[in-house]
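Written below as structure tokens is the structure these notes are about.
Any read-out appearing in this document is the output of simple, stated calculations on the displayed coordinates, not a laboratory observation. Not measured: the values here are computed from a predicted model. Cβ placement follows ideal geometry from the backbone for every residue including glycine, while neighbour counts extend to all protein chains displayed.
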Ligand SMILES: C[S@@+](CC[C@H](N)C(=O)[O-])C[C@H]1O[C@@H](n2cnc3c(N)ncnc32)[C@H](O)[C@@H]1O
């Protein structure tokens with residue numbers, strides 16, 4: 001299979017040398033895919049790596065592909081060509097997906113002259129065309145991003161989750177979150193007086209509030225579009241078992257592999273840009289050594305008001321601009337005529 005792949009560029013050859021010098025056999029990061037490995041970072045095109053992956057061997061394929069919006073790592077393409085390229089990758093991903101496996105495609109909007117096209121809506125038919133079954137369209141909500149002036153600022157992206165069959169791995173208990181009212185009891189019926197909630201916690205639902213990786217985030221690197229490790233940990237824990245393979249065709253800074261190996265899974269990914277391959281390897285190595293700083297899965301979202309952050313007090317006078325809306329509420333101490 002290897003001999004069918006296109007020859008390595010000078011940069012890729014240098015990257016191979018760098019990787020082989022950096023890692024010991026114990027936690028080897030391989031640059032070619034084999035089922036006998038545990039960690040694979042393929043420095044090249046994902047379609048090439050996918051060719052080397054046996055059919056039905058991946059339990060979870062999770063990725064955030066380029067959105068075709070002109071980021072430094074992509075060329076803007078005609079939307080039809082972009083979708084064609086995505087379809088090629090998805091076709092290979094479906095081939096490599098285990099019958100009990102899941103595919104999660106994390107996407108935002110394609111923006112064309114100010115008009116948005118939610119990418120999940122145009123990618124959905126490709127997945128459905130393979131007979132995949134959609135289980136959730138998860139809304140990932142975050143609070144930071146571009147400030148738009150001619151539409152509401154985008155503060156969510158989606159993860160579309162598909163399974164190959166109706167028999168699929170779903171470990172809900174592994175990702176339960178704290179109940180809002182753990183002390184609540186049934187007040188009537190045969191269970192009256194007993195606690196009504198699951199003591200293991202509640203289903204996290206399909207709206208996930210998780211900070212995105214912007215400048216103040218502990219995981220921020222020079223990559224413009226990392227996803228946070230905790231986002232992928234939730235998918236790894238719920239959709240795979242220990243020892244399973246987790247694959248990310250558009251690996252970026254290695255987040256998916258980090259989340260996978262942190263929980264005893266195997267991780268593989270491809271990345272074309274040399275500086276990101278290097279970053280991914282460094283971060284994975286730090287994860288192996290226990291030194292990678294990440295935001296913990298169970299940390300509540302920072303609330304600057306509750307934290308007493310002094311910057312939350314507006315320096316400008318009351319009754320102007322932004323504060324006017326709040327001041328109409330009795331909760332804020334003043335009622336004006338509605
Ligand atoms: C949205 S970013 C993914 C970032 C990643 N989720 C992370 O946490 O770092 C998409 C990545 O795919 C890479 N990429 C683009 N085309 C690719 C291809 N054909 N094969 C492999 N990687 C590719 C880009 O260089 C970019 O780093």
Expressed in nm to one decimal, what extension gain is obtained for the pair residue 241 and residue 273 from 0.36 nm per residue of sequence separation less their Cα-Cα distance? 8.5 nm
Based on the Cβ-Cβ distance from residue 28 to residue 282, what FRET efficiency comes out when R0 is 22 Å, to the nearest 0.05? 0.90
In terms of the alpha carbon gyration tensor, root eigenvalues a ≥ b ≥ c, rounded if a/c is under 1.5 and otherwise prolate when a/b exceeds b/c or oblate, the stretch 2-302 is prolate
Going 7 Å from the Cα of residue 71 along its beta-carbon direction, which residues of the stretch 274-304 have the amide nitrogen within less than 16 Å of the resulting point? 274-280
Using alpha-carbon positions, what is the distance between the centroids of the stretch 73-121 and the stretch 167-220, in Å? 30 Å
According to the square roots a ≥ b ≥ c of the eigenvalues of the Cα gyration tensor, what is the shape class of the stretch 30-136, taking rounded for a/c under 1.5, prolate for a/b larger than b/c otherwise, and oblate for the remainder? oblate
Label model pair residue 115, residue 291: point-to-point distance (7 angstrom along the Cα→beta-carbon line) in nm is 5.2 nm
Residue-averaged [θ]222 nm for the chain, counting only DSSP H segments that reach four residues, each worth -39500 (n - 2.57): -8000 deg cm²/dmol
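Is the stretch 118-171 best put as rounded, prolate or oblate by its Cα gyration tensor, with a ≥ b ≥ c the root eigenvalues, rounded for a/c under 1.5, and otherwise prolate when a/b is larger than b/c, oblate when not?
oblate
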Point-to-point label distance, residue 313-residue 151, nm (Cα→Cβ direction, 7 Å offset): 3.9 nm
Can you give the extra length, in nm with one decimal, that the chain gains between residue 165 and residue 45 once fully stretched, where that is 0.36 nm per residue apart less the Cα-Cα distance? 40.4 nm
Which order do the peptides 181-187, 274-280, 53-59, 302-308 take when ranked by the mean count of other beta-carbon atoms within 10 Å per residue, highest first? 274-280, 53-59, 181-187, 302-308
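Could you order peptides 260-269, 28-37, 290-299 by the average number of other Cβ atoms within 10 Å of their residues, highest first? Walk me through the numbers on the way to the answer.
Details: 260-269: 23.6, 28-37: 16.3, 290-299: 12.1.
Highest to lowest by the protection proxy: 260-269, 28-37, 290-299.
So what is the relative contact order of the chain, in percent, for Cα pairs below 8 Å that sit 6 or more residues apart?
Details: 567 pairs, mean separation 62.9, N = 338.
Result for the chain is 19 percent.
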Pull up the DSSP beta bridges for the stretch 2-302 and report the antiparallel fraction as a percent, rounded to 5. 50 percent
If each of residue 128 and residue 217 carries a label point 7 Å out from its Cα toward its Cβ, how far apart are those two points in nm? 3.0 nm
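Can you tell me the relative contact order of the stretch 69-165? Whole percent, Cα pairs under 8 Å, sequence separation 6 or more.
On the way: 117 pairs, mean separation 31.6, N = 97.
33 percent.
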